[in-house]
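Colleague: One structure is given below, represented as structure tokens, and several questions about it will come after.
The values are calculated or read from the model by the stated rules, or taken from the named source; none is laboratory data. Every value quoted in this text rests on a predicted model; they were computed, and no experiment measured them. With ideal geometry, Cβ positions are generated from the backbone for all residues, glycine too; neighbour counts draw on all protein chains shown.
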Amino acid sequence: MWSLVFQSFLSIALELSLLFIGISFLINLLQGLIPYDKMERLMEKSHPLVSAVVALAFAFITPFCSCSTIPVVVNLLNKKVRFGIVMIFLFSSPVLDPTIITLMTAVLGYKVAIAYTVITSVLSVVIGFALEKFGFENQIKKVVVSGYQKPGKKFDIKAAFAETFQLMKTVYPYLLIGAGIGAFIHGAVPTDWITTYMGGDKWWLVPVAAIIGIPLYIRLSTMIPISQIMIAKGMALGPVMALMISSAGASLPELTLLNSIFKKKLVFAFIGSVFTMSTISGFLFYMI
């Protein structure tokens, strides 16, 4: 059994490592071409729908986890960017990432990756504008957070290597943890157990998975190899995606940070929104 676990770990880790390093370097190399200042102005002054699209694009090109998104959110709020647009960025940034989408395409297939991108984007926009419509803008505390820096010159290979190395130090261990857990599930957990207790069309697995994921601090890079094995073992795609989205969209460390800039009512609304987003996404994946 342990031999199979080790072989699975090496296979999963090698495949994802090559993808992770290559895509991360390319994204960091292209950062200097992205007009961040112009995008911030568009989010601030454009038509709401245009601003929403720009916020999604901004989220896509800023490969942050849920916690490191917070300084950018505060920066946008300090610049008086529309509240709903900032919320769209807050919800979409942790779950939309070119590296993660590439890994998802390689591991789960392009149809799942496309559906995931569309569903999370649409729900981020709907929830962001809904929070604005319900008047949650007055639930923001006055706070200034420093540490948000924009990329430097174009095609800085040295800086791209440095950023990739830094990302490797902070993110790569989570990817290896995910590969290890996935390998263990593949080699040690009986297929019949997952099929019996976590497989099939049990609708309640989706909200349960969404609830379980919220307090966890699990990066998508960790969840992708785990999800591949769990799906192969017989777990339905719906609860797997609900767990992925809720664990990426919220975590206890992030909620602690949000509590410093949001009042309690908005923090609870954020938790409810992440649960709603992941649950609806899970049910939609049941239909795919």
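Colleague: What do you reckon, is VAL122 assigned to a helix (DSSP H, G or I) and either buried (at least 24 other Cβ atoms within 10 Å of the Cβ) or more than 12 Å from the chain's Cα centre (by Cα) (or both)?
Modeller: yes
Colleague: So, in segment 109-119, how many residues would count as being crowded, with 20+ Cβ neighbours inside 10 Å and farther than 24 Å from ILE271 by Cα?
Modeller: The total comes to 0.
Colleague: List every residue pair whose Cβ atoms lie under 7 Å apart, where the two residues are 6 or more positions apart in sequence or sit on different chains, the first residue falls within segment 90-107 and is part of a helix (DSSP H, G or I), and the second residue, located anywhere, is small (Gly, Ala, Ser) and surrounded by fewer than 19 Cβ atoms within 10 Å (Cβ to Cβ).
Modeller: ILE101/ALA113; MET104/ALA113; THR105/ALA113
Colleague: Moving to a separate point now. If SER66 meets every condition in (1) modelled with pLDDT of 85 or more; (2) within 20 Å of PHE268 (Cβ to Cβ); (3) surrounded by 19 or more Cβ atoms within 10 Å (Cβ to Cβ) apart from one, which number is that one?
Modeller: (1)
Colleague: Within the bounds of segment 87-105, is there any residue that is over 16 Å from the mean Cα position of the chain (by Cα) and surrounded by fewer than 18 Cβ atoms within 10 Å (Cβ to Cβ)?
Modeller: Within segment 87-105, none of the residues are over 16 Å from the mean Cα position of the chain (by Cα) and surrounded by fewer than 18 Cβ atoms within 10 Å (Cβ to Cβ).
Colleague: For segment 128-159, give me each residue that is within 18 Å of LYS263 (Cβ to Cβ), modelled with pLDDT under 75 and in contact with a helix residue (DSSP H, G or I) (Cβ under 6 Å, 6 or more places away or on another chain).
Modeller: VAL143, VAL145, listed by residue number.
Colleague: I want to confirm something. Restricting to segment 250-285 and keeping residues that are closer than 22 Å to LYS111 by Cβ and buried (at least 17 other Cβ atoms within 10 Å of the Cβ), which single residue is modelled with the lowest pLDDT?
Modeller: Per the stated criteria, the residue is PHE285.
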